[in-house]
Every structure is written in structure tokens, then in C-alpha cells.
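The values are calculated or read from the model by the stated rules, or taken from the named source; none is laboratory data. No experiment lies behind these values; they were computed from the predicted model shown. Virtual Cβ from ideal backbone geometry, glycine too; neighbours counted across all protein chains shown.
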């Protein structure tokens, strides 16, 4: 059914890489959410007031908040599709994350309010009448919410939208909250013990848990997250496939919303190669990345000496020193300034986060190892921290 609706209402639905098609998906998901959640709110509100059940009313208000969330999602996708301007040169795609964050705060506010009301019903319970119509409404609600969950999940994954995927998770939690209300209604009827307030508290707590989860999921992209290992592997593999690239390091990837990726990287080339040819090579790589992967890539070219035997031998000795300290350490930009009385050994060491050494302690440990190779060596070491998942096996090509 979801696929049929997409085909009917999303023009050019197959071209999800296009920003305008992605916007259509987002708007369609917002409209579906508004209509279906308003329908659920109306059914449950009438049922809750007729039966006097606070838990059903709480569930109805939850659906009303879902409808409001869909409105925010709809507006968010509209605003996020605006083109870049003077004040926002990277575009407006992150508005989608902001809209998701607003939705999460609304969920938390609703959860707190329902928790207060339901707790009051525990201490001052009011008899709720049981009716087959109420059971039917709750069962129908579970079915609609299950479909919503699957619908949002499919749309969210198709256009890689964390906001819509978060809405899918919210719909899934709504299924369990409605089931709790239904279970409480049935148990209260057959046992004579009024569970209405307790079920309202359970629904409120589930709403709060969902809100906290959605806050994390929507705030992470705003704070800045590391790219996936698959994306990093693909970037490394693609760049290293070009003849003339000897290694790469210091990869940074910045996301400004889906389809708006900017990256920078240092690429090592032969120091003796024609500099114009090497410059042309990195220009071609940058253009290919924009055309094939829609990544705005900036490459810093690092010329390295590859045919000097003393330098190569010393590089290998230093690599063994790092390996003895930890296999997690990698190095790059290794070079030696040879002199008569002393030689400067310069290189960068990439250190993973939460490494067991402090930066200063690690510098001392490496320097001591180099001094053991010969008193004429003067280490000049720079500590780097990676901004992407561990790529130890790829970094070996640089050493």
C-alpha cells in the first residue's frame, strides 16, 4: 500500500537523489501524518470523553501532538529545500534536523503533562465505563499506527531522513502505548481494579522515553557526527584508485544535510613528479567526486620523497616504534632534514580518541624511542586526532 501511495502522490518518485523529489517525499509524509493522526485523535477523544477514561484521552492527545509534529515536519522540509544564500552558503538542509528537535521537545512536554494528569487519577480514580466500541477504536488505532510506522520507516530510509525515521520510531511507541491502554481497559473491566491511571502513567513514560531518544537522534547531526565507516572506506578506496596517489590522511567530512557533503583530505604524491601533473590529478579527483558522489572535496597535496633509501629505512624504524606502543597509532607526512651534526625527523602521528596516553606522554614515549636509534636524531612530532572512523589498514599505505 505504501508503495502504491508513493507512486500516486510523489512525482518522479524514483529519483530520490534530486533535492526537489526528496522534498516531495517529506511533504507527502507530513500530509499523511497530519490526516491520519487527526483522524485517530478525533476517534479517541470522543471515546475517551464518553467512557471517562483518562488513559484513552491521554492517548488521543498523544495523537494530536503527532499531528502537530507532522505539521512541523512538513514546514521543515519546505524550508530545508531553500537554496543557499549569502547568509547560509551551505544551504538550509539542517532545518530538517531543527524541525525534528522541535518535535522531540513537544513530545517531552506532552509526556510531562500526561504524567501529571495520570498520576492524579491514581490517587483520585474516576470510574471509566467499558464498551465494545472503545475496544474497537483502540484496536483500529493499533493497526493504523503500525501502518504509520512501516510507512515512515520506508520513506525515511528511501530518502535518508533522520527526522522521518524518528517519526517511525514514535509511531512504533504509540502502538505499544495504545496496547497498554487497551490492556488496562480490559483488565479493569474483568478484575474490577481500576488501572486507568496506571495505564496513563505507562503511556506518559513511554512518550517521555521516545522524546529523549528523538532528542538524541535529531541533535547528533547538529552537533556533528563522524561519517559512517562505509562512506570513509568508499572515499579512501576511490582516491587510492587514481594512479599517482601514494597515500592519504587527515580526512574531514562535514554534513550540512542530506546531499550536502563537504570534505577535505591530504593526498600524498611523489615529490619528484611534475607539480603541474600532480595538480591536474587532484583537480580531476575533486571534479569526479562532485559529479559522481555529490561531495564537494578539497585536496591538499603533500609531496613525499619515495626513492631515498636512508629516509625509507628510518621511516620503517619509526613505524616499528609506534607499533610497539600501540597498533592503533599511524603516522604520515614523514620527512627527514639531514644535517652534519643532527637530523630533524618530522612526522604527524594520528591518535584515536580516548587513547591510554595523554598527548604529552605519548610525545615523550615516541621521542625516547627515536633517541634510542641515534643521538643525532631530533624528533619534531605533531599529534593528530582523527575525525573519521579508524582506517588503520588504509593508513598503512602512507607509511
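Of all residues being farther than 13 Å from residue 152 by Cβ and surrounded by 20 or more Cβ atoms within 10 Å (Cβ to Cβ) in segment 11-40, which is modelled with the lowest pLDDT? Just the residue, please.
The selected residue is 22.
Among 78, 82, 121, which is the only one that is within 26 Å of residue 262 (Cβ to Cβ), assigned by TED's automatic domain parsing to the domain that holds residue 40 and in a helix (DSSP H, G or I)?
Details: 82 fails: in a helix (DSSP H, G or I); 121 fails: within 26 Å of residue 262 (Cβ to Cβ).
Of the residues listed, the single one that is within 26 Å of residue 262 (Cβ to Cβ), assigned by TED's automatic domain parsing to the domain that holds residue 40 and in a helix (DSSP H, G or I) is 78.
Just name the residue that is farthest from residue 272 (Cα to Cα) out of those in segment 236-259 that are out of contact with any helix residue (DSSP H, G or I) (no Cβ under 9 Å at 6 or more places or on another chain) and surrounded by 18 or more Cβ atoms within 10 Å (Cβ to Cβ). Spell out the reasoning first.
Let us first name the residues in segment 236-259 that are out of contact with any helix residue (DSSP H, G or I) (no Cβ under 9 Å at 6 or more places or on another chain), namely 241, 250, 252, 254, 256.
Next, from what is left, pick out any that are surrounded by 18 or more Cβ atoms within 10 Å (Cβ to Cβ): 250, 256.
Numbers: 250: 22, 256: 38 Å.
For segment 236-259, the residue satisfying everything is 256.
Does residue 176 fit the bill of being in the same structural domain as residue 218 (by TED's automatic domain parsing), free of Cβ contacts under 8 Å to residues at least 40 places away in the same chain and either surrounded by fewer than 17 Cβ atoms within 10 Å (Cβ to Cβ) or more than 30 Å from the chain's Cα centre (by Cα) (or both)? Even if it seems obvious, please write down each step before you answer.
On the way: in the same structural domain as residue 218 (by TED's automatic domain parsing): yes; free of Cβ contacts under 8 Å to residues at least 40 places away in the same chain: yes; either surrounded by fewer than 17 Cβ atoms within 10 Å (Cβ to Cβ) or more than 30 Å from the chain's Cα centre (by Cα) (or both): yes.
When the stated conditions are applied, residue 176 passes them.
Would it be correct to say that residue 379 is surrounded by 13 or more Cβ atoms within 10 Å (Cβ to Cβ) and within 37 Å of the chain's Cα centre (by Cα)? Let's see the steps before the verdict.
Numbers: surrounded by 13 or more Cβ atoms within 10 Å (Cβ to Cβ): yes; within 37 Å of the chain's Cα centre (by Cα): no.
Here the answer is no, as residue 379 does not meet what is asked.
Quick check on residue 208: is it surrounded by fewer than 22 Cβ atoms within 10 Å (Cβ to Cβ) and closer than 19 Å to residue 64 by Cβ? Can you show your working first?
Working: surrounded by fewer than 22 Cβ atoms within 10 Å (Cβ to Cβ): yes; closer than 19 Å to residue 64 by Cβ: yes.
It is true that residue 208 is surrounded by fewer than 22 Cβ atoms within 10 Å (Cβ to Cβ) and closer than 19 Å to residue 64 by Cβ.
Restricting to segment 301-319, what's the tally of residues that are surrounded by 12 or more Cβ atoms within 10 Å (Cβ to Cβ) and touching a strand residue (DSSP E or B) at 6+ places or on another chain (Cβ under 9 Å)?
Residues meeting the conditions: 12.
Scan segment 233-264 for residues that are in contact (Cβ under 8 Å) with a residue 60 or more places away in the chain and either assigned to a loop (DSSP other than H, G, I, E, B) or not assigned by TED's automatic domain parsing to the domain that holds residue 294 (or both) and jot them down.
Result: 246, 256, 257, 258, 259, 260.
Which condition breaks for residue 363 when tested against (1) closer than 20 Å to residue 251 by Cβ; (2) out of contact with any helix residue (DSSP H, G or I) (no Cβ under 6 Å at 6 or more places or on another chain); (3) surrounded by 15 or more Cβ atoms within 10 Å (Cβ to Cβ)?
Single failed check for residue 363: (1).
Which one of these is under 20 Å from residue 166 (Cα atoms) and in contact with a helix residue (DSSP H, G or I) (Cβ under 8 Å, 6 or more places away or on another chain): 16, 47? Full working, then the answer.
Values: 47 fails: under 20 Å from residue 166 (Cα atoms).
Just a single option satisfies the conditions, and that option is 16.
Among the residues of segment 179-208, count how many are in a helix (DSSP H, G or I), within 17 Å of residue 49 (Cα to Cα) and in contact (Cβ under 8 Å) with a residue 60 or more places away in the chain.
Qualifying residue count, segment 179-208: 7.
Which ones in segment 320-345 are in contact (Cβ under 8 Å) with a residue 40 or more places away in the chain, in contact with a strand residue (DSSP E or B) (Cβ under 7 Å, 6 or more places away or on another chain) and within 14 Å of residue 370 (Cβ to Cβ)?
Hits for segment 320-345 are 322, 331, 334.
Any residue at all in segment 329-342 that is surrounded by fewer than 16 Cβ atoms within 10 Å (Cβ to Cβ), farther than 30 Å from residue 260 by Cβ and touching a helix residue (DSSP H, G or I) at 6+ places or on another chain (Cβ under 9 Å)? Give the derivation first.
Going through segment 329-342, the residues surrounded by fewer than 16 Cβ atoms within 10 Å (Cβ to Cβ) turn out to be 337-342.
Among the residues that remain, those that are also farther than 30 Å from residue 260 by Cβ are: 337-342.
After this cut, where a residue has to be touching a helix residue (DSSP H, G or I) at 6+ places or on another chain (Cβ under 9 Å) as well, the list is 338.
For segment 329-342, residues surrounded by fewer than 16 Cβ atoms within 10 Å (Cβ to Cβ), farther than 30 Å from residue 260 by Cβ and touching a helix residue (DSSP H, G or I) at 6+ places or on another chain (Cβ under 9 Å): present.
Quick grid of which residues meet (1) more than 27 Å from residue 152 (Cβ to Cβ); (2) crowded, with 17+ Cβ neighbours inside 10 Å; (3) under 34 Å from the mean Cα position of the chain (by Cα):
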| position | (1), (2), (3) |
| --- | --- |
| 44 | no, yes, no |
| 51 | yes, yes, no |
| 58 | no, yes, yes |
| 66 | no, yes, yes |
| 69 | no, yes, yes |
| 88 | yes, no, yes |
| 97 | no, yes, yes |
| 101 | no, yes, yes |
| 131 | yes, no, no |
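Suppose we keep only residues that are touching a residue at least 24 places away in the same chain (Cβ under 8 Å) and not in a helix (DSSP H, G or I) within segment 1-42. Which one would you say is farthest from the chain's Cα centre (by Cα)?
Once the filter is applied, the top-ranked residue is 1.
I'm trying to understand the selection: among the residues of segment 85-118, which are assigned to a loop (DSSP other than H, G, I, E, B) and either farther than 23 Å from residue 218 by Cα or out of contact with any helix residue (DSSP H, G or I) (no Cβ under 6 Å at 6 or more places or on another chain) (or both)?
As a first pass, look at segment 85-118 and keep what is assigned to a loop (DSSP other than H, G, I, E, B): 85-94.
Listed by number, the residues that qualify are 85, 86, 87, 88, 89, 90, 91, 94.
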